[in-house]
Amino acid sequence: MDKLQILHADMDAFFSAVEQRENPELQGKAVIVGGVNLSNRGVVSTASYEARKFGVHSAMPIAQAKKLCPDGIYLPARHGLYKAASKEVFSILKRYTPLVEKLSIDEAFLDVRGCERLYGNPVEIAEKIKIEVKKKTDLTISVGVSVNKFLAKLASDFDKPDGLTVIRKKDIKSFMRHLDIDKIWGVGDVFAAKLAEKNIYKAGDIWPYSLEELKNNYGKAGVKLFFLSRGIDNRDVKSRSEIKSVSHEETFADNISDQDKLFAYLFKMSEKVSFRLHSNSLKGTTVFIKVRYSDFNTYSRQQSLKVAINSSEEIYQRAKELLMQNDLLTKPLRLLGLGVSNLCQEGQEQLNLFTDENEDQLDQTIDQLKRKYGFDKISRARKLYLNNDD
Ligand code: TTP
Ligand code: MG
């Protein structure tokens, strides 16, 4: 992929920007949107760029945000409003190309190959999108234009808010050289710490290593790193109907055998998967889990449901059942993952004619589990879940 052809578009401080639009008195002010009831134990959904100057960011506890930015305006989330704004934005994006891959409520990839005769070159399309979004929604969007998805996403993030950044083939090397390593997909805190042991902090620090070396040292993640650190990414933009599953997995720094801890991870991952399903208005009828032990033996299990689900609690419960019923927690885990597949559009799923039957089944399963593993284990896991949800 050498030609500019992929756009990544991402609304700026989305929830806060919608609130500022709804109430012009909030413009230019530090606006922080949090969970619906804004309790001090909740977390920040997002903060306006004015609030970010104080160090406030998404996922920070509200209590901490209030310490950093005591004069900020704290507002409860109004999801209906944000969904409506998102719909308007996506209807604009879809006019430029049918190949729009929605990543979340405010973010998408666009493949604009073949759209030039109608709308101009990719940079012109990006400019048009920005103007139209501003005109129709009174909100700003940042757009990145590049040769592939990875670089387009880095580009949209480069000059936020209201940015338009283009990374051409000839600019890739200089752009990547000084990019912080944790900006690369798949490099989380644990992996970044491992790389730091070898004095690898920037994408350019990867270049001296051969593909072989990276593969031997870090497995699949090393192979990905080899290519992404050079800005190479061959993935296609997939429109929603092509998304086959939504999943999340984590590799642990140290193997974990504590079941309660694993359940806590499982719930966190269920929330992430649920958030992405909701963002794409999707539900699914298959839940799957994946575990890897210290000897690298890897197992996956799945179960089909009569009714499509997307709530974090349901996903969590089903995934937990799979782990327990298949006796997969008998050895320490190196990796745990879960996901939902067999996806359908929310609202188009089969009507739930079996609710009671399912509830009965669930109750029966829980009873079985309680008998097998003891009431204490099960209820403690549930408590963990409640604590996380608070
Ligand atoms: P983002 O696009 O990650 O953030 P943003 O649009 O607020 O700011 P940026 O200019 O950096 O893109 O997320 C979009 C919305 O999703 C955000 O406005 C609120 C919501 N969200 C959460 O509720 N929790 C989170 O942890 C994150 C990251 C986002
Ligand atoms: Mg955004």
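Below are the figures for this structure:
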| quantity | calculated |
| --- | --- |
| Count of the range 286-340 residues which are assigned to a strand (DSSP E or B) and either free of Cβ contacts under 8 Å to residues at least 60 places away in the same chain or open to solvent by less than 30 Å² (accessible area, probe 1.4 Å) (or both) | 27 |
| Failed criterion for Lys130 (all others in (1) touching a Ser or Thr at 6+ places or on another chain (Cβ under 8 Å); (2) not in a helix (DSSP H, G or I) hold) | (2) |
| Subset of the range 226-238 that is crowded, with 18+ Cβ neighbours inside 10 Å and touching a residue at least 60 places away in the same chain (Cβ under 8 Å) - its residue that is farthest from Asp180 (Cα to Cα) | Val237 |
| Members of the range 69-89 that are buried (at least 17 other Cβ atoms within 10 Å of the Cβ) and in a helix (DSSP H, G or I) | Tyr82, Ala85, Ser86, Val89 |
| Every residue from the range 261-302 that is out of contact with any Cys (no Cβ under 8 Å at 6 or more places or on another chain) and basic (Lys, Arg) | Lys261, Lys268, Lys272, Arg276, Lys290, Arg292, Arg301 |
| Test for Lys102: is it touching a residue at least 24 places away in the same chain (Cβ under 8 Å), assigned to a helix (DSSP H, G or I) and within 15 Å of ligand 2 (Cβ to nearest atom) | no |
| Within the range 243-258, tally of residues that are touching a residue at least 40 places away in the same chain (Cβ under 8 Å) and either closer than 21 Å to Gln302 by Cβ or charged (D, E, K, R) (or both) | 9 |
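Matching residues to (1) within 24 Å of Asp254 (Cβ to Cβ); (2) among the acidic types (Asp, Glu); (3) modelled with pLDDT of 95 or more:
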{"site": "Met176", "(1), (2), (3)": "no, no, yes"}
{"site": "Asp180", "(1), (2), (3)": "no, yes, yes"}
{"site": "Ile184", "(1), (2), (3)": "yes, no, no"}
{"site": "Val187", "(1), (2), (3)": "yes, no, no"}
{"site": "Val190", "(1), (2), (3)": "yes, no, no"}
{"site": "Leu195", "(1), (2), (3)": "yes, no, yes"}
{"site": "Ile200", "(1), (2), (3)": "yes, no, yes"}
{"site": "Gly204", "(1), (2), (3)": "no, no, yes"}
{"site": "Tyr218", "(1), (2), (3)": "yes, no, no"}
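The values are calculated or read from the model by the stated rules, or taken from the named source; none is laboratory data. Treat the numbers as computed from the prediction; the structure is a model and nothing was measured. Neighbour counts run over all protein chains shown; Cβ positions are idealised from the backbone, glycine included. Ligands, DNA and RNA are stripped out before the accessible areas are found, and what is left, the full protein with its side chains, is counted by its heavy atoms. Shrake-Rupley method; radii C 1.70, N 1.55, O 1.52, S 1.80 Å.
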